[in-house]
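Scroll down for the structure; my scribbles are underneath it.
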Amino acid sequence: MSQSRWLAEYAPIRTRAARPCATRDPVRAPVNGHPGGIRARSAFVLFLLAGLIPAAPAAAQLCEGASSITRLGGANRFSAPVEDQESLQALFVDHRDEILALLEEANWSGDPDDLFAAVAAWRGVTSTAFDPGQRVEWMFFRDRGETPTVSANLCWAGDEAFASWEIRFNSNGRWYSMIVPESCGNLALLAEQALPKVTLDLDIGGLSCNDRTFDFQSSCADGESAVTVRLPDGGERSAASGGASFLFTAEGDYTVVATCSATSSRGDRLEDSVSGTIAVGCPSCSVTAAPAEVDLGESSTLTVAPSAGHGAEVSRVLLDGRPLASPYTREMTHEGADAFTHTVVVETNTGQSAQCSTEVKVAPTVTMSIEPERVLVRQTAVVTVSPENGDGAPVTVALDGQPLGEPYQREVVHATDGEFTHTATVENAGGGNEVSASIKVDRRWTLLPTLSSLSGDDVHISVLGPDTRDRLKACVDGVGVGFSAEYRLSYPLGIMFGGNTINCEVDWWLHPGGRTGYAGADIEMKKFFVGLNVHLTRPGSRVDWWLGPLVAQLDYSSPSLVPTGMDGASVDAVYKPEWPGETVVGANMGLKIPFKPDCPVGLYLGAFWLDSSMKAKSTEVRGEDGVLGPGFELRKTPVYVNAGISIEF
């Protein structure tokens, strides 16, 4: 068996010298300065390793002071070969816990999440050749192919360069380069260095409107510094680093950019940059009133925007001679209506000052009232206007465009119904205001054409004789038509008058000598009435409901009743009742609902209750007994139910 084949197949087992995936020289080195990171090797193993696997003389010379690695692969490899992107990314997924543990054992100062993120995103990962004589800070391997561990201060002492993946990334303020040999997956730290760090402090204490300069201070650590100043017009000028005074030619925004740059051991450009913007200018101020025009009694907020310029500070702000503290706002209320000017003075710690002013207009206010707010047609209402200017300038007042003098009142009358708006204006040097109020004018007349239904007591009358008994049902049920009208005296009161006619039936049952006879006839009842309506709903309500007393005149027609017996033969009896007209009292209740708001036509429902006696005399009642029936009185309490439409005008 050749010596090279024996080294490849047996050396990792017999000598245990190629722990990181290769053999190495017997030099004990700490992991990041911690000796506990490398396990001790016996003198016998080291001697055997040195005798069986001699390193190349040139590489051995380059690796002086470090443990030499002479072969990759074998039982000490960390993982299977990682020959492409997929297998490298899988290495960091499948062995995540082992990698985290070994990074902690190596006392690595970076953040593992940054390393894993760089590999997962394939960011800063390249394929490279690792030449003989190159060193690594530490490398992962497996002890006897099983236990993962880390060894420090290693050097590649092989005859040829080997292919590997290089991962470059930043973490915790440092730049790192790590390699992973394609043949064994042993992660190793190749190089690291601190990232450049720059600071910038803009000093506004040196601004002078006379010298036209401002100051800044910059510093650079672990790199070379450069400072540029971006001018307001977009141009750039270089400036000295450290403490510097910059000459400006125009006011505006100046951006100072300080850069600290370096080159890594692997040729990467490392840079840190910081910028700051300052507003350079001489003291100035502006003052605004929000709102600039207010009504009397309302407040306006004055806001001052002082600017001292770069290098100076606002030392004092005066508003109308009174100090104004940051945030430089003041709420002001004026006791009079007029135009007022407010002046602001801004002073700086450099002795410079600026002045600005603004105007606030305070307009007089006005209120008005209409009494009453709702009237009937041709009813008078009084409009009262109340202007207010406080301690300000005099005011002029107008009502509906016409001048109005003190005491600022005017009567108004409207001849038609509707809603009428009246407008009052008041003006002075501080501005003007107007106010409006509406008055509702309602109709006085309401017409009520209706259909009527009559109901009442079922009256039974007995006419006594030797063998005669009578029963009379007089005008209990009936229907008819009616017409009434109401005139509104005021909102609560109205006079209602009208009449209606109803056809009803009179029925008479006669029992002379044990026989039975019946007679029926239609009569006409006429009613004429006048009443007082008391409206219970408020003005403006859509539903109008009222009730009240009334007086009615009732007139009846007089029928002639001739009974017919059960056999169809006439019964020897005649009854001719006479009901003279009568004046009765009663009550009225009604309800009207417009079909839509402010519509003059609506639905009307109502009812009349009357107290009627219907006194009558019988002129002739004769039966077989030849006895005349006496006069009698019918007591009725008829109720009229009315339904129809209401028409207002």
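Across the range 245-277, the number of residues qualifying as surrounded by fewer than 18 Cβ atoms within 10 Å (Cβ to Cβ), of a type outside the set (Asp, Glu) and touching a residue at least 40 places away in the same chain (Cβ under 8 Å) comes to 8.
Inclusion of Val382 among residues that are under 30 Å from Thr416 (Cβ atoms) and out of contact with any Pro (no Cβ under 8 Å at 6 or more places or on another chain) is warranted. For the range 324-353, the set of residues classified as under 14 Å from Leu302 (Cβ atoms) and in a strand (DSSP E or B) consists of Thr329, Arg330, Glu331, Met332, Thr333, Phe340, Thr341, His342, Thr343, Val344, Val345, Val346, listed by residue number. Hey, can you tell me all the residues within the range 344-361 that are touching a residue at least 40 places away in the same chain (Cβ under 8 Å) and either hydroxyl-bearing (Ser, Thr, Tyr) or surrounded by fewer than 17 Cβ atoms within 10 Å (Cβ to Cβ) (or both)? Within the range 344-361, Thr348, Asn349, Thr350, Ser353, Gln355, Ser357, Thr358, Glu359 qualify.
Okay, residues lined up against (1) acidic (Asp, Glu); (2) outside any helix (DSSP H, G or I); (3) within 21 Å of Phe162 (Cα to Cα):
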| position | (1), (2), (3) |
| --- | --- |
| Ser68 | no, yes, yes |
| Gln89 | no, no, yes |
| Ile99 | no, no, no |
| Leu102 | no, no, no |
| Val119 | no, no, yes |
| Met139 | no, yes, yes |
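Restricting Trp165, Trp108 to residues that are touching a strand residue (DSSP E or B) at 6+ places or on another chain (Cβ under 9 Å), among the hydrophobic types (A, V, I, L, M, F, W, C) and in a loop (DSSP other than H, G, I, E, B) narrows the list to Trp108. Of the residues making up the range 381-398, those that are touching an Asp or Glu at 6+ places or on another chain (Cβ under 9 Å) and not small (Gly, Ala, Ser) are Val382, Val383, Thr384, Asn389, Asp391, Val395, Thr396, Val397.
Residue-level check: of (1) under 30 Å from Tyr491 (Cα atoms); (2) crowded, with 16+ Cβ neighbours inside 10 Å, Pro364 misses just (1). Regarding the range 143-153, can at least one residue be identified that is surrounded by 21 or more Cβ atoms within 10 Å (Cβ to Cβ) and within 54 Å of the chain's Cα centre (by Cα)? Checked the range 143-153: no residue is surrounded by 21 or more Cβ atoms within 10 Å (Cβ to Cβ) and within 54 Å of the chain's Cα centre (by Cα). Would a scan of the range 354-362 turn up a residue that is over 30 Å from Gly418 (Cα atoms), among the polar types (S, T, N, Q) and part of a loop (DSSP other than H, G, I, E, B)? No, the conditions are met nowhere in the range 354-362. Does the range 174-212 hold any residues that are touching a Leu at 6+ places or on another chain (Cβ under 7 Å), free of Cβ contacts under 8 Å to residues at least 60 places away in the same chain and farther than 30 Å from Ala161 by Cα, and which are they? Matches in the range 174-212: Arg212 only.
Answer yes or no: is there a residue in the range 468-485 that is modelled with pLDDT of 75 or more, surrounded by 15 or more Cβ atoms within 10 Å (Cβ to Cβ), hydroxyl-bearing (Ser, Thr, Tyr) and assigned to a loop (DSSP other than H, G, I, E, B). The answer is no, given that none of the residues of the range 468-485 is modelled with pLDDT of 75 or more, surrounded by 15 or more Cβ atoms within 10 Å (Cβ to Cβ), hydroxyl-bearing (Ser, Thr, Tyr) and assigned to a loop (DSSP other than H, G, I, E, B). Being among the charged types (D, E, K, R) and part of a loop (DSSP other than H, G, I, E, B) holds for only one residue in Asp211, Asp253, and it is Asp211. Taking each residue of the range 99-111 that is more than 13 Å from Met178 (Cβ to Cβ) and looking for partners that are of a type in the set (Val, Ile, Thr) with beta-carbon atoms closer than 6 Å, six or more apart or interchain, yields Glu105/Val150. Take the residues of the range 506-538 that are open to solvent by 70 Å² or more (accessible area, probe 1.4 Å) and outside any strand (DSSP E or B): which is modelled with the lowest pLDDT? Among residues in the range 506-538 that are open to solvent by 70 Å² or more (accessible area, probe 1.4 Å) and outside any strand (DSSP E or B), the one modelled with the lowest pLDDT is Gly514. Within the range 411-433, being open to solvent by less than 80 Å² (accessible area, probe 1.4 Å), touching a residue at least 24 places away in the same chain (Cβ under 8 Å) and of a type outside the set (S, T, N, Q) holds for Val412, His414, Ala415, Asp417, His422, Ala424, Val426, Ala429, Gly430, Gly431, Gly432.
Cβ separations smaller than 6 Å between residues 6+ apart or across chains give the following pairs from the range 311-332 residues that are small (Gly, Ala, Ser) to residues that are outside any strand (DSSP E or B) and crowded, with 16+ Cβ neighbours inside 10 Å: Ala312/Thr350. Within the range 398-410, does at least one residue satisfy the condition of being under 30 Å from Ile645 (Cβ atoms) and open to solvent by 20 Å² or more (accessible area, probe 1.4 Å)? Taking every residue of the range 398-410 in turn, none turns out to be under 30 Å from Ile645 (Cβ atoms) and open to solvent by 20 Å² or more (accessible area, probe 1.4 Å). Scanning the range 218-238 turns up no residue that is open to solvent by less than 30 Å² (accessible area, probe 1.4 Å) and modelled with pLDDT under 90. Quick check on this structure: which one of Arg374, Arg378, Arg443 is buried (at least 16 other Cβ atoms within 10 Å of the Cβ), more than 38 Å from the chain's Cα centre (by Cα) and at pLDDT below 95? Only one candidate qualifies: Arg374.
The values are calculated or read from the model by the stated rules, or taken from the named source; none is laboratory data. Quick caveat: nothing in here was measured; it's all calculated off a predicted structure. Quick reminder, even Gly has a Cβ in these numbers, built from the backbone with ideal geometry, and neighbours come from all protein chains shown. All accessible areas refer to the heavy atoms of the entire protein, side chains included, with ligands and DNA or RNA removed. Shrake-Rupley method; radii C 1.70, N 1.55, O 1.52, S 1.80 Å.
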